[in-house]
Every structure is written in C-alpha cells, then in structure tokens.
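All remarks here apply to the structure that follows.
The values are calculated or read from the model by the stated rules, or taken from the named source; none is laboratory data. Please read all numbers here as calculations on a predicted model, not as lab measurements. Positions of Cβ are generated from backbone atoms using ideal geometry, with glycine treated the same way; all protein chains shown enter the neighbour counts. For the accessible areas, the whole protein counts, side chains as well, though only heavy atoms, and no ligand, DNA or RNA atoms are used. Shrake-Rupley method; radii C 1.70, N 1.55, O 1.52, S 1.80 Å.
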Amino acid sequence: MSDNPRPFEPLRDLQTLVSLSKQRGFVFQSSEIYGGLNSCWDYGPLGANFKWNVKQAWWKAMTRRPDIVGLDAAILMHPLVWKASGHVDGFSDPLVDCRDCKNRFRQDTALVDGEVVCPKCGSKNITEPRDFNLMFETYMGPVKDEAGIVYLRPETAQGIFVNFENVRVSQRKKLPFGIAQIGKSFRNEITPGNFTFRTREFEQMEMQFFVKPGTDDQWFETWKETRWQFYRNIGMNEKKLRYKEHGPTELAHYAKAAFDVQYEFPMGWQELEGVHNRTDFDLSRHQEFSKKKLEYFDEQSKEKFIPYVIETAVGCDRLCLALLCDAYRDEEISKEDGSTDRRIVMGFKPEFSPYKVAILPLSKKDPLLEMADKIYQDLIPHMEVEYDESQSIGKRYRRQDEIGTPLCVTVDFDSLEDESVTVRHRDTMAQDRVNVSQLFNYINEKLVNF
Ligand code: ATP
C-alpha cells in the first residue's frame, strides 16, 4: 500500500469489512434470499474483479519464469487418488459431543489446561473423540452406490502429482521444475467462520516444485524467501506478516518441514500460506497405487529416483481477505475551514483495484454525458473503468475511495471548452487538470507509479 499522509484507524473487526463488502459489492452471503448457506460466500461485481486481479498476480509470479508451468486439473478425480494420498484414511478432525448441551465441536479447539471444555456451556462432560472425515462425497453416474463414490478434492495438489509425468514429458522438463495451479477445493470444515477465512468451498493457489532429493532443504529455503518477497511485492504490510514453523507434532503425515506464512487478521495471527517439504511421499504413493513408474532419470548423475516436492499453498480467498484487511483505512481529513471529517479508503495497490479509473460527469447535461462516454469508450479496452453519473460529486468520490479506485476523472463544463478533465487521486486527494489527448498516457503513468 502506498504511504498515507493522513492519520487513520486500521480495520479493528471483521464485521466492519463484512458490512462494507456487502454494501459495495465485494462479497455477499451465498443464497442470502433463502437465509444464507453457512460459510459459503459469493463474490459480487467488485469482488470478482478484485479476486481475478489477485489470481493474476499469483499466476504471473509463478508461471512467468522458465522453471514453472501451469495446470488446470479436474475437481473430480479417480477415488484411488485419495486412498493413495492418505485423505480417505487420514484427512479427519477429532470430534466430540458435549453430553450436557449436545454441542458438537473439534476436540483440539476446546482444550483448556489439557482438558476438553465445551465452548458453549463450559461442561467437562464430553464424549470420546470420533474422527470425522473432511472430504465431501458424491456419486458419479446414475446409480448411487459404493462403486460410484467420488470426492470433491480437498486440495488441488493431487491433480498436480498425478499429472507429473504428463507435464514432464510433454513439456520436456528437467528437474528442478514446478507446476502451478489455481482451483476450487472443498472441505467439510467443522468450525468454518470468520467471514471468508475458513469456508467449506474455497480456492487454492498451489505450486509443487519437484527437486532432486538432497537439494530439497536448499529449495525449501529458497521458496520460503521467494514467497516472502511475493508478499512484499504485492504491497502487504510486512509488520502484519510472519513465518511460523510447525513443531514436530503439528507436521502433516507427508511433511518433513513446514512453515506457515501468518497474517495478523483482526481476529489474530492466522495461517495465510503453507510452505511444505512433502518429500517423495505423494509421488511414491501414486507409484505404488497406480503401478505406474513415477521415477525420474537424472542424465547427469545417471541416477533414478522419485523427486522430492517443495509445496507452496495459499488460499486465494484467504489472501483476498488479508488484502482487504490490509487495505482498509478509516481516515481523518482536515477541511479548509479547520474542521475535520472522516472517509473510508480501500488503499489497494492499483493492480488489485476492481476499477482503475472512474469517469464522473459533473452533471447529467447531454454534452457532458457525451464527452464522458467518449472517454469511457476510449479507456475500457485497456483497463477496468467505472462510469457513475448519480449523486453529488463529493458522494461519488467517497464511494470510489471506499472501493479503492485510484483515479477519478471528472468531466465538467470547462471540459467542453478546454478539452481537459480533472483527475483526482485517491490517496493524496490532489487534483490535476489533464488534456483529454494526454489522458491515457497520464493514467498509465500514474497507475504504475502510484
Ligand atoms: P488450516 O490449518 O487453516 O485449516 P491447513 O493447514 O489445513 O489450513 P493447507 O491444507 O496447508 O491448510 O492448505 C493451504 C492453504 O489453503 C491454507 O494456508 C489456507 O490459505 C487455504 N485453506 C485451507 N483450508 C481452507 C478453508 N477451509 N477455507 C479457506 N482457505 C483454506
């Protein structure tokens, strides 16, 4: 985010963001007119643009380099994939019931001094834990029987592992190389919540980097650094980011080492991304279950081995949420008469703003609307542009601030005479007069150097 000249309050609670998101069209509750569906959210017009921009930033960072290629695998996969990956047997949370109030909850989230206490009623009269598998099941084909069971993937990674050979051979890739993918995952989470932070349907941005065993520790460090640099590059507040290492008891069954990138959300420090050394676990298991060779022949050393995998896995929705939290500012503005006012600004880096420019004709008189429309038509092939002719100009500026539009172009009566428009900057609130013939270059230059 660019440095801000005014005092401001950051986001203190998620509810403020939930309200803003609904009011301005970033995120709506799923199926709201039916009372909503718990933990499912829809991205509105602004949210859809914003999320798209976030994916683009990640996709570019991953695939615009010679050693990583992209993939877009199907959500439904052969059921044996999930046997091999360990998800059928091991992807579960321990659930307990409170015998007093019948509340059902995750055992590991309700430990107080080593004892399980019901978070609802405080009772310690709790059942033994039972494992609850987090995978959604459905049936493939017309008959609903055991043989037709398929799962909605709980992670995108397995689509990459099972395509390792296809990608390697078709792209003539040599180690080390990576495969990146963005796609939906589904987990029947027991305790979803905190807006879009933990949901049952979400999008992941995962990259699996295949390396020679023995070089994995070094690559793990490299990816830790690379991912940190990514968050710096996209303008996140570094003070709200940290790395946290998984202790031996927290490591997933497949992992040799794992670090979480954590972000300080309003509800505290929480995982944003995982960087994992998955060893040769997944490829070995797929080799075993599929009976297809997934070994790699290293021409230099003439060795055959199963590659190790360094994984970086971030939730797209979680990153969107972190960026929304990071961008929010409740600012104090000093007015010319000495009084103060407040405004809400979403201080996105322009690359993430749902709209880069808003065109605002000062009045609804025909010649102004015509000129404004012409400017809109000229800009729209090149960037996301909003056009707004309703309400007072002050209110329109405030709305654009709240959705994070970096530049507003106001067409006024003088514009008809001098062929110039006023361009107002979101962060400084400064205004420049710019000739329409120069506008496109001016906007591009400002967006790059915002
Ligand atoms: P958590 O401990 O938060 O449940 P995890 O360690 O199980 O997450 P991974 O399996 O490593 O998560 O998934 C990689 C990333 O996918 C996470 O860092 C997170 O950003 C995202 N993610 C995982 N589960 C969810 C979910 N239920 N809702 C939204 N994003 C999720």
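When the residues of region 204-228 are narrowed to those that are touching a Gly at 6+ places or on another chain (Cβ under 8 Å) and buried (at least 22 other Cβ atoms within 10 Å of the Cβ), which ends up nearest to Thr109 (Cα to Cα)?
Going through region 204-228, the residues touching a Gly at 6+ places or on another chain (Cβ under 8 Å) turn out to be 204-205, 207-210.
Keeping just the survivors that are buried (at least 22 other Cβ atoms within 10 Å of the Cβ) gives 205, 207-210.
On the way: Met205: 26, Met207: 29, Gln208: 30, Phe209: 32, Phe210: 34 Å.
Going through the qualifying residues, I end up with Met205.
Can you name the residue in region 129-167 that is of a type in the set (D, E, K, R) and in contact with a strand residue (DSSP E or B) (Cβ under 7 Å, 6 or more places away or on another chain) and, of all such residues, is nearest to Asp89 (Cα to Cα)? First the steps, then the outcome.
To start, the set of residues in region 129-167 that are of a type in the set (D, E, K, R) comprises 130-131, 137, 144-146, 153, 155, 165.
The next check asks that each one be in contact with a strand residue (DSSP E or B) (Cβ under 7 Å, 6 or more places away or on another chain); those that pass are 130-131, 137, 153, 155.
Working: Arg130: 13, Asp131: 10, Glu137: 14, Arg153: 14, Glu155: 15 Å.
Restricting to residues being of a type in the set (D, E, K, R) and in contact with a strand residue (DSSP E or B) (Cβ under 7 Å, 6 or more places away or on another chain), the top hit is Asp131.
Quick test of your reading of the structure: Phe195 fulfils all but one of (1) part of a loop (DSSP other than H, G, I, E, B); (2) farther than 18 Å from Ile310 by Cα; (3) free of Cβ contacts under 8 Å to residues at least 40 places away in the same chain. Name the failing condition by number.
Against the list (1) part of a loop (DSSP other than H, G, I, E, B); (2) farther than 18 Å from Ile310 by Cα; (3) free of Cβ contacts under 8 Å to residues at least 40 places away in the same chain, Phe195 comes up short only on (3).
Per-residue answers, yes or no, for (1) closer than 30 Å to Val314 by Cα; (2) in the same structural domain as Gly193 (by TED's automatic domain parsing); (3) part of a loop (DSSP other than H, G, I, E, B); (4) under 31 Å from the mean Cα position of the chain (by Cα):
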residue: Leu95; (1), (2), (3), (4): yes, no, no, yes
residue: Asp100; (1), (2), (3), (4): no, no, yes, no
residue: Gly122; (1), (2), (3), (4): no, no, yes, no
residue: Phe132; (1), (2), (3), (4): yes, no, no, yes
residue: Gly159; (1), (2), (3), (4): yes, yes, no, yes
residue: Leu175; (1), (2), (3), (4): yes, yes, yes, yes
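Restricting to region 127-160, name every residue that is modelled with pLDDT of 95 or more and among the charged types (D, E, K, R).
Listed by number, the residues that qualify are Arg153, Glu155.
If you take the residues in region 410-433 that are among the β-branched types (Val, Ile, Thr) and in contact (Cβ under 8 Å) with a residue 24 or more places away in the chain, which one is nearest to Ile344 (Cα to Cα)?
Looking at the filtered set, the residue picked out is Thr428.
Collect the residues in region 1-39 that are open to solvent by less than 60 Å² (accessible area, probe 1.4 Å), among the aliphatic types (A, V, I, L, M) and assigned to a loop (DSSP other than H, G, I, E, B), keeping them in residue-number order.
If the condition is that a residue be open to solvent by less than 60 Å² (accessible area, probe 1.4 Å), among the aliphatic types (A, V, I, L, M) and assigned to a loop (DSSP other than H, G, I, E, B), then Met1, Leu11 are the ones that fit.
For residues that are without any contact (Cβ under 8 Å) to a residue 24 or more places away in the chain and either surrounded by 15 or more Cβ atoms within 10 Å (Cβ to Cβ) or of a type outside the set (A, V, I, L, M) (or both), tally how many sit in region 88-116.
Initial filter on region 88-116 (without any contact (Cβ under 8 Å) to a residue 24 or more places away in the chain): 89, 101-103, 107-108, 110-116.
Imposing the further condition that a residue be either surrounded by 15 or more Cβ atoms within 10 Å (Cβ to Cβ) or of a type outside the set (A, V, I, L, M) (or both) reduces the set to 89, 101-103, 107-108, 110, 113-116.
Within region 88-116, residues that are without any contact (Cβ under 8 Å) to a residue 24 or more places away in the chain and either surrounded by 15 or more Cβ atoms within 10 Å (Cβ to Cβ) or of a type outside the set (A, V, I, L, M) (or both) number 11.
Which one of the conditions (1) over 20 Å from Ala84 (Cα atoms); (2) part of a helix (DSSP H, G or I); (3) among the aromatic types (Phe, Trp, Tyr) does Phe105 fail to meet, given that it meets all the rest?
(2)
Out of the residues in region 329-340 that are open to solvent by 20 Å² or more (accessible area, probe 1.4 Å) and either under 31 Å from the mean Cα position of the chain (by Cα) or among the small types (Gly, Ala, Ser) (or both), which is farthest from the ligand (Cβ to nearest atom)? Explain how you work it out, then say what you get.
Of region 329-340, the ones open to solvent by 20 Å² or more (accessible area, probe 1.4 Å) are 330, 332, 334-340.
Okay, now just the ones that are also either under 31 Å from the mean Cα position of the chain (by Cα) or among the small types (Gly, Ala, Ser) (or both), so 330, 332, 334, 338-339.
Working: Asp330: 26, Glu332: 34, Ser334: 40, Gly338: 47, Ser339: 43 Å.
The qualifying residue farthest from the ligand (Cβ to nearest atom) is Gly338.
Going through region 40-56 one residue at a time, which ones are open to solvent by 10 Å² or more (accessible area, probe 1.4 Å) and outside any strand (DSSP E or B)? Please lay out each step first, then the result.
Of all residues in region 40-56, those open to solvent by 10 Å² or more (accessible area, probe 1.4 Å) come to 40-43, 45, 48-49, 51-53, 55-56.
Listed by number, the residues that qualify are Cys40, Pro45, Ala48, Asn49, Lys51, Trp52, Asn53, Lys55, Gln56.
Tell me whether region 179-187 contains one or more residues that are surrounded by 18 or more Cβ atoms within 10 Å (Cβ to Cβ), within 16 Å of the ligand (Cβ to nearest atom) and outside any strand (DSSP E or B).
yes
Would you please name the residue that is most open to solvent (accessible area, probe 1.4 Å), looking only at residues in region 240-276 that are in contact with a Leu (Cβ under 9 Å, 6 or more places away or on another chain) and hydrophobic (A, V, I, L, M, F, W, C)?
Met267
Whether any residue in region 277-298 is among the β-branched types (Val, Ile, Thr), in the same structural domain as Gly214 (by TED's automatic domain parsing) and touching a residue at least 40 places away in the same chain (Cβ under 8 Å) is what I want to check. I'd like the intermediate steps shown before the answer.
Step one: of region 277-298, the residues among the β-branched types (Val, Ile, Thr) are 279.
Now restrict to residues that are in the same structural domain as Gly214 (by TED's automatic domain parsing): 279.
Then keep just the ones that are touching a residue at least 40 places away in the same chain (Cβ under 8 Å); that gives 279.
Yes, there is a match, as at least one residue in region 277-298 is among the β-branched types (Val, Ile, Thr), in the same structural domain as Gly214 (by TED's automatic domain parsing) and touching a residue at least 40 places away in the same chain (Cβ under 8 Å).
How do the strands (runs of 3 or more DSSP E) wholly within region 342-450 filter down when requiring 3 or more residues that are exposed (fewer than 15 other Cβ atoms within 10 Å of the Cβ): which remain? Quick ask: steps written out before the conclusion?
Working: elements: 357-361, 385-387, 407-411, 420-425, 431-435.
It comes to 431-435.
Would you confirm whether or not region 190-197 contains a residue that is open to solvent by less than 20 Å² (accessible area, probe 1.4 Å), within 10 Å of the ligand (Cβ to nearest atom) and under 30 Å from Met135 (Cβ atoms)? Write out each step before concluding.
Taking region 190-197 first, the residues open to solvent by less than 20 Å² (accessible area, probe 1.4 Å) are 195-197.
Pick out the ones that are also within 10 Å of the ligand (Cβ to nearest atom) and you get 196-197.
Filter again for under 30 Å from Met135 (Cβ atoms), leaving 196-197.
There is at least one residue in region 190-197 that is open to solvent by less than 20 Å² (accessible area, probe 1.4 Å), within 10 Å of the ligand (Cβ to nearest atom) and under 30 Å from Met135 (Cβ atoms).
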